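Remarks on the structure that follows.
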């Protein structure tokens with residue numbers, strides 16, 4: 001970190017000098033402009049989070065709660081449904097990063113320079129405009145045991161490939177991640193296209209002169225220049241994976257037997273279905289820790305690397 | 001308009017909205033009390049009943065619907081703790097009603113019940129399901145029976161009569177299965193996995209079902225295991241629709257003849273008719289027979305409730321209105337809309353299927369037991385229906401599922417007793 005700061009200060013020596021103190025009027029104006037944002041974040045984010053942390057140390061009563069220490073956390077980690085939910089969250093995390101990014105990058109690269117690319121991209125981007133709940137309804141129609149996919153397989157004489165897609169774990173979680181990728185790939189394609197179009201043509205021409213074509217050009221010239229946009233897409237995908245809710249809720253309500261729950265659903269289930277606000281708060285705190293830890297770890301690495 | 005003027009106007013508007021949001025009490029039109037329901041499809045029926053109630057009590061209903069059950073529960077539970085409580089609300093009976101009554105959030109309606117019972121306007125057998133601590137906190141909106149709807153055309157084609165014994169019931173299933181028709185509707189889609197469980201256990205031994213749901217018998221009892229093994233056998237024979245069947249598609253499946261029998265509450269009568277089947281002509285209903293011929297006959301009952309919050313802003317008007325709810329003049333209008341059994345036993349439904357069910361209940365006098373969904377503490381039922389769903393997909397897990405349900409029952413009953421003590 002100190003090396004980074006040193007480099008930064010070498011590049012911009014003027015910033016290391018102490019600035020003259022600004023007039024009071026200016027400082028008050030800055031505070032006035034900052035205040036609405038600070039108040040909103042405090043009221044809508046920090047205070048509820050602090051309250052949730054506090055609530056997680058009390059029992060599940062709605063009135064006259066008693067302090068219960070780490071009992072909610074202990075119960076949470078000894079519940080097999082919650083442990084499966086943690087595992088599913090990990091699946092979602094991997095699936096929502098790997099699939100939309102892999103597919104999004106491939107589609108963007110393959111359709112960027114061809115004439116029919118616009119039509120292909122439109123078809124892939126369109127699902128992004130549909131709400132998660134509507135996507136779930138469509139996929140439910142396809143994935144049910146007597147749904148479109150199994151009917152199509154049967155009519156093609158591929159009955160051996162028929163499955164109860166939504167009934168058995170981990171297949172049900174995997175197909176939900178694929179359904180999510182079908183929708184989420186659209187935004188990755190758009191962002192990668194923006195990245196591709198921002199690549200200076202002279203770098204491509206220079207690589208052609210050096211005899212770099214195909215995979216070599218992509219690997220050593222194009223992909224490194226897509227780094228900033230990849231950072232953004234991975235960040236978005238990580239957050240989407242961790243907050244996955246609507247698609248799962250509409251497709252399976254977390255069932256059967258709570259096998260498709262992610263931590264977001266477990267939090268909802270404990271708090272609103274089982275009416276256990278203390279246990280729900282504990283799940284919310286754990287989910288927040290996971291989200292913050294993953295985001296911090298990822299962004300810290302990426303931001304450090306970008307200096 | 002200048003930017004500053006625009007921002008000032010926006011701020012004033014926001015402050016006004018905030019003040020209105022923090023205002024006290026729900027604003028219902030004069031002469032009406034606010035009523036929250038989770039069933040938007042009942043709105044026109046409530047409007048018909050409201051006109052009759054206005055004639056009798058001078059007060060009508062201002063109906064508000066929250067269409068999703070889970071959202072509805074949250075909205076109501078949040079509002080009950082504030083000055084914005086509705087005047088009346090639709091709620092479940094049994095332990096779900098007790099869940100609100102035990103923390104003092106509902107008003108005592110015992111006087112209305114007693115007056116209605118004195119006039120013969122209510123079935124005294126269901127009082128316990130509407131009470132907590134011997135006080136009544138809800139008046140039934142309907143009295144739905146869990147019956148087996150069947151496609152009359154399929155039964156006629158295969159020379160079948162509505163079964164009166166378990167052997168006939170199974171023979172009918174075997175016959176239609178042989179003809180390529182799925183005998184029974186069944187789904188684990190939340191929360192409907194309990195339908196077959198409650199039917200199998202109560203038709204095996206209704207007193208065991210009552211003890212089991214009251215926390216006085218074990219899920220690992222040989223009777224529960226026997227009920228599950230019979231159910232397992234039926235799954236093995238391919239008698240049921242796929243466990244992920246969407247119940248909204250079932251009336252269409254009945255209409256197309258893809259499925260022959262559909263065990264469900266009589267509230268589904270209207271939905272089946274909407275799919276194009278004519279009541280009494282294309283479909284009818286029977287009460288599932290007991291598994292042993294000499295077992296006590298029983299029927300599962302579901303009765304959603306009219307309840308009044310303890311903090312209702314217009315308590316007197318709401319109380320007056322409720323005192324007329326069970327009046328036959330109101331119930332006739334309501335029952336005609338509902339195409340289901342009215343809570344007032346003197347009101348005979350105009351619908352042929354419901355009239356037939358009402359006659360069957362009168363004739364066979366089965367023991368009425370509460371639906372599984374309301375018959376035990378909510379947290380226990382919510383989790384047990386998940387396990388039952390697991391069993392429906394993996395019937396070989398019967399014993400481990402029952403064992404999980406029993407462990408949960410022990411924990412949840414202990415929690416419930418601790419809460420109400």
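Quick notes on this structure:
- Complete set of residues in the range B:44-69 that are buried (at least 16 other Cβ atoms within 10 Å of the Cβ) and under 29 Å from residue A:250 (Cβ atoms): B:45, B:46, B:63, B:64, B:65, B:66
- Consider the range B:177-196 and keep the residues that are away from chain A (no Cβ under 14 Å) and assigned to a helix (DSSP H, G or I). The one that is nearest to residue B:69 (Cα to Cα) is B:195.
- Helices (runs of 4 or more DSSP H) within the range A:216-283 that include 2 or more residues within 14 Å of chain B (Cβ to nearest Cβ) and modelled with pLDDT of 90 or more: A:246-252, A:263-268
- Residue B:163 being in a loop (DSSP other than H, G, I, E, B) and at pLDDT 95 or above: yes
- Qualifying residues in the range B:242-258 (those that are more than 22 Å from the chain's Cα centre (by Cα), within 11 Å of chain A (Cβ to nearest Cβ) and within 18 Å of residue B:150 (Cβ to Cβ)) - the one surrounded by the fewest Cβ atoms within 10 Å (Cβ to Cβ): B:258
- Considering residues of the range B:197-216 that are outside any helix (DSSP H, G or I) and surrounded by fewer than 18 Cβ atoms within 10 Å (Cβ to Cβ) only, the residue farthest from the chain's Cα centre (by Cα): B:216
- Any hit, the range B:217-237, residues being closer than 20 Å to residue A:145 by Cβ and not in a helix (DSSP H, G or I): yes
- Residue among B:120, B:104 that is farther than 28 Å from residue B:328 by Cα, assigned to a loop (DSSP other than H, G, I, E, B) and more than 22 Å from the chain's Cα centre (by Cα): B:104
Each row is one residue, and each column tells you yes or no for (1) within 13 Å of another protein chain (Cβ to nearest Cβ); (2) farther than 24 Å from residue B:404 by Cα; (3) free of Cβ contacts under 8 Å to residues at least 60 places away in the same chain.
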{"site": "A:26", "(1), (2), (3)": "no, yes, yes"}
{"site": "A:38", "(1), (2), (3)": "no, yes, yes"}
{"site": "A:51", "(1), (2), (3)": "no, yes, yes"}
{"site": "A:74", "(1), (2), (3)": "no, no, yes"}
{"site": "A:77", "(1), (2), (3)": "no, no, yes"}
{"site": "A:101", "(1), (2), (3)": "no, yes, no"}
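- Test: residue in the range B:76-92 that is touching a helix residue (DSSP H, G or I) at 6+ places or on another chain (Cβ under 6 Å) and part of a helix (DSSP H, G or I): no
- Beta carbons closer than 6 Å, at least 6 apart along the sequence or on distinct chains, pair a first residue in the range A:285-307 that is at pLDDT below 85 with a second that is assigned to a helix (DSSP H, G or I) for A:302/A:231; A:307/A:4.
- Tallying residues that are farther than 19 Å from residue B:266 by Cβ and in contact with a helix residue (DSSP H, G or I) (Cβ under 8 Å, 6 or more places away or on another chain) within the range B:140-157 yields 1.
- Residue in the range A:83-96 that is more than 18 Å from the chain's Cα centre (by Cα), more than 18 Å from residue A:247 (Cβ to Cβ) and away from chain B (no Cβ under 14 Å) present: yes
- Test: residue in the range A:257-271 that is surrounded by fewer than 18 Cβ atoms within 10 Å (Cβ to Cβ) and in contact with a helix residue (DSSP H, G or I) (Cβ under 7 Å, 6 or more places away or on another chain): no
- Filter result (at the interface with chain B (Cβ under 10 Å from one of its Cβ atoms) and part of a helix (DSSP H, G or I)) within the range A:138-170: A:140, A:141, A:143, A:150
The values are calculated or read from the model by the stated rules, or taken from the named source; none is laboratory data. The structure presented is a predicted model; accordingly, all values stated were derived computationally and were not measured. Please note: Cβ atoms are built from the backbone with ideal geometry, for glycine as well, and neighbour counts cover all protein chains shown.
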